[in-house]
Amino acid sequence: MAWRVAEILGVALHGRLERVDRAHVYFENALDHIRMLFASGTPVVGVCAAGIMVRAVAPVLNDKTTEPPVIAVPDDGSTVVPLLGGHRGANRLARQIAEGLASHAAVTTAGDLAMGVALDEPPRGYRLANGADAKGAMAAMLSGAGVTVTGENIFDIEDTAGGVELLVSDAPVEGSETRLVYHPQLYALGLGCARGCDVNEMWALVQKTLAEAGIAEGAVACVGSLDLKGDEPALIETAARMGVPFRVFTAAELEAQTDQLANPSDVVFAEVGCHGVSEAAALALGNGELVIEKTKTANATCAVVRANAPIVEMAGRSRGKLSIIGIGPGQHSWRTPEASALVSQAEELVGYGLYIDLLGGLAHGKARSDFPLGGEEDRCRYALEQAGKGKDIALICSGDAGIYAMGALVFELLDRRPDAMGVTDAARRVEVVSTPGVSALQAAAARAGAPLGHDFCAISLSDLLTPRDDIVKRLKASAEGDFVIAFYNPVSMRRRTLLAEARDILLQHRPADTPVMLASSLGRPEEHVRYRRLDELEVDEVDMLTVVLVGSSHSKLAQLGEGLRMYTPRGYSRKIDGDLAG
């Protein structure tokens, strides 16, 4: 049954390890796996009891307007039950599955049952302008108000000349609970600008241009420009405010539109390699009639094309995106929903192979480029250059990508001049997103108790990138400052002496019985945590997967509850003593 459903939808089958003979992806715990997929924004169809799906996603339910569909199908396929996201695709998917199984879709949303439509989910290429009014309009229709269809009947619904109007128009029309306004996305907006154009100047030009032509903002399907302008905030923000994709074209692609330009310019050609930007971009996007020729201000230009039908397939390419993602130490429940969502959206995963493997099912079906340890600059450069081609790339790091990981190197490459081993101009124009992850020091501290309860610092003991003298200087300063210290990269196969040297430096400033935590492979099945006195810390029991937390002179190791707990007092006892004395 699961294979039949997967084939109907054209998607991967995920199966329970040791219970399912063949699957694309295997998992050990169904609840954890479903929860992980749901948090990443992935629609989930479970061939199982509905209760399993409910219990899996219940702890992470938050916002029904953004959460993905969840559907349950019993083993015999007798019915298909959309549990969540009915108006975000679940009802449509349920009907698709039911049709393929010659079964029944148990749709429960009122509008779908009464009228067979979801008024807040118009067909592709149409946008509901006043979505907040859909609930009230639907309630009125269900109460017998009836429907009046004005313009195109996009829902193929019977017009009863009733009290709720469904209006389809590309003009700016006011909506209400008795009038739902749908805009066919027929228009493509081409923009150009001088370098550093003010966002408000561009936005004012766009609003004025559309208003004078009687075109609703919601009727615009996309915004386009020259790829050299891909990083211009004025263009990026305009597309974001309109809630539409921003697409870019090469000069050659725009030059192919020259015969249709109303205002070709030799000056523009000499500057960027094509005879027009805003008009050409609009034509390339809309493949229709130029209804608004280039209008301009001192620094911005705008043109509009009307297509023959709503635009659902976008020409050109995106400006490219690189997501720098920290996935935590390895345990998927420590990975943030934002990180999972960015992984799910990415076209290609780049990173050290082990870290990509830790993504489990989220990595299935995606292109991946594995790089070895030591290939850090190569992997960051590759990720940026791939994003520069218009791709959505995820750079996968363990822990937090900004803590001893690839985040800093990405920005260093972007900051270098091309003649100083930087990256290409195309790579420099991509969108770069950083998302936080649970760092190794946070994970270790959580396992221990609260060793970072007071001032702390982190020091890498790797002298591959940092001069040894600088490391020793930082060791002495942190020892004198009595910080709790998290040691990253404590040893390697060839580097064995700095950890012992660090121990000896610290012993000059804090007690021999200062607690030390050794945490290896946190969040993974082979996780190993143990405690030592500072004077008993041995290099041979530490490897490159171990984080070493050394307490301050105030840190304590105590037998509390079920085991040893390490913590560093903040000083509340002194405050209480002072209050009592006062």
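What follows is calculated from the coordinates using simple rules that are stated; it is not laboratory data. The model shown is predicted, which means the values in this text are computed figures rather than measured ones. Heads up, the Cβs are rebuilt from the backbone with ideal geometry, glycines too, and the neighbour counts pull from every protein chain shown.
Around Ala219, under 11 Å between beta carbons, what's the net of Lys plus Arg minus Asp minus Glu among the other residues?
After counting each charged neighbour, the total is 0.
Considering only DSSP beta bridges with both partners in the range 2-108, what is the antiparallel share in %, to the nearest 5?
Close to 25 percent.
Would you please put 163-173, 386-396 in order of how densely packed they are, using the mean number of other Cβ atoms within 10 angstrom per residue and starting with the highest?
386-396, 163-173
For the range 301-400, what relative contact order do you get, as a whole percent, if you take Cα pairs closer than 8 Å and at least 6 residues apart?
Rounded, it is 43 percent for the range 301-400.
Pick out, in residue order, every one of the trypsin sites (Lys or Arg not before Pro) in the range 205-283 that is DSSP loop and has at most 16 other C-beta atoms within 10 Å; say none if there are none.
Of the trypsin sites (Lys or Arg not before Pro), not one in the loops of the range 205-283 has a Cβ with at most 16 other Cβ atoms within 10 Å.
Under the classification rounded if a/c is under 1.5, otherwise prolate if a/b is larger than b/c and oblate if not, where does the range 441-567 fall, given a ≥ b ≥ c as square roots of the Cα gyration tensor eigenvalues?
Judged from the Cα gyration tensor, the range 441-567 comes out oblate (a/c at least 1.5, b/c at or above a/b).
Report, to one decimal in Å, the Kirkwood hydrodynamic radius for the range 187-306 based on all distinct Cα pairs.
Evaluated over the range 187-306, this radius sits at 13.6 Å.
What shape does the range 37-76 have by the C-alpha gyration tensor, where a ≥ b ≥ c are the square roots of the eigenvalues, rounded means a/c under 1.5, and otherwise prolate means a/b greater than b/c and oblate the rest?
Judged from the Cα gyration tensor, the range 37-76 comes out prolate (a/c at least 1.5, a/b above b/c).
For the range 321-438, just say rounded, prolate or oblate: build the C-alpha gyration tensor, square-root its eigenvalues into a ≥ b ≥ c, call rounded for a/c under 1.5, and beyond that prolate if a/b exceeds b/c, oblate if not.
Prolate.
Give the total of Lys-Lys pairs in the chain with Cα-Cα distances below 14 Å; include a pair only if its members are 8 or more places apart or on different chains.
Final tally of qualifying lysine pairs is 6.
With everything on Cα atoms, drop me the angle between helix 199-213 and the longest principal axis of the chain, reported from 0 to 90° to the nearest 10.
20 degrees
Could you please report the charge total around Glu67, scoring K, R as +1 and D, E as -1 over all other residues with beta-carbon less than 13 angstrom from its beta-carbon?
Within the 13 Å Cβ shell, the charges total +2.
State the label only: which of [x] 60; [y] 55; [z] 65 corresponds to percent of Cα pairs over 30 Å apart computed from the shown model?
Read-out from the structure maps to [z].
How much of the DSSP bridge set in the chain is antiparallel, in percent, rounded to the nearest 5?
45 percent
Based on the mean of other beta carbon atoms within 10 Å per residue, what is the order of 520-532, 280-292, most packed first?
So the peptides 520-532, 280-292, ranked by packing, come out 280-292, 520-532.
Mean separation of Cα pairs under 8 Å and 6+ residues apart, divided by the residue count of the chain: what relative contact order is that in percent?
9 percent
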